[in-house]
1. For the range 8-39, how many residues meet the condition of being farther than 20 Å from Glu58 by Cα and among the acidic types (Asp, Glu)?
2. Among the listed residues Arg6, Arg72, Arg34, which satisfies the condition of being modelled with pLDDT under 90 and part of a helix (DSSP H, G or I)?
3. Return only the number of the condition from (1) in a helix (DSSP H, G or I); (2) farther than 23 Å from Lys68 by Cα that Glu20 does not satisfy.
Amino acid sequence: MPSYNRTFQLTIEDVDLIEEALRARGRELCRMRRALSDENPATMEAVRVIEEDQRTGEELLGRLHGQKVFYRPKTSTYVSG
């Protein structure tokens, strides 16, 4: 039985593209959530599904951010921003 590939060869540009796609999806879900502002039960179930999808995307963005290694030069003065 084949196993999962646990090694990925992604470039910085690939990760940036994934992050931007996740953010765009989050914006779209937010627009959908705002459009469903009614209080009827069918709408509330749709809102719960949208919120779960939003939460999943935000958690994935957080995991991606947590795996980044940020560069800071050690030999010279570093000014951020």
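The values are calculated or read from the model by the stated rules, or taken from the named source; none is laboratory data. Keep in mind that this is a model prediction, so the values were computed, not measured. Positions of Cβ are backbone-derived with ideal geometry, glycine not excepted, and every protein chain shown enters the neighbour counts.
1. 2
2. The unique qualifying residue is Arg34.
3. It fails just one condition, (2).
Conditions tested, residue by residue: (1) exposed (fewer than 10 other Cβ atoms within 10 Å of the Cβ); (2) without any contact (Cβ under 8 Å) to a residue 40 or more places away in the chain; (3) assigned to a helix (DSSP H, G or I); (4) more than 20 Å from the chain's Cα centre (by Cα).
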{"site": "Met44", "(1), (2), (3), (4)": "no, yes, yes, yes"}
{"site": "Val47", "(1), (2), (3), (4)": "no, yes, yes, no"}
{"site": "Arg55", "(1), (2), (3), (4)": "no, yes, yes, no"}
{"site": "Ser80", "(1), (2), (3), (4)": "yes, yes, no, yes"}
